[in-house]
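Bear in mind these aren't lab numbers, they're just calculated from the coordinates by the rules spelled out. Worth saying up front: this structure is predicted, and the values here are computed from it rather than measured. Note that we place each Cβ from the backbone using ideal geometry, even for glycine, and neighbour counts take in every protein chain shown.
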Amino acid sequence: MTSPEKTLEDVYDEIARGIDAVGREAAEIYLAKVCLALAHELGDAPRACRIAAQCRTDLEDGATG
């Protein structure tokens, strides 16, 4: 029997568990490692850069969500 497909909520939950596991002190490094690993798996550096820039936009505008 195979497991059901993972959803974005599953991804969020896994990352949240990772942050909890490494602690506040290492959370930034953990998130950077996750981002770089996902970018590597994506296999498209220009696209990964565009996505990173898009994610930054709301934060630069003062929004948090």
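What the table below lists for this structure:
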| read-out | value |
| --- | --- |
| HN-Hα J in Hz across the range 39-46 - Karplus 6.51, -1.76, 1.60, θ = phi - 60°, x for Gly and Pro | 4, 4, 5, 4, x, 9, 4, x |
| For the chain, convex hull volume per residue from C-alpha positions, Å³ | 121 |
| FRET efficiency for R47 and E25, using Cβ-Cβ distance with R0 set to 30 Å, rounded to 0.05 | 0.45 |
| D13/D61 FRET efficiency (R0 22 Å; Cβ-Cβ; nearest 0.05) | 0.25 |
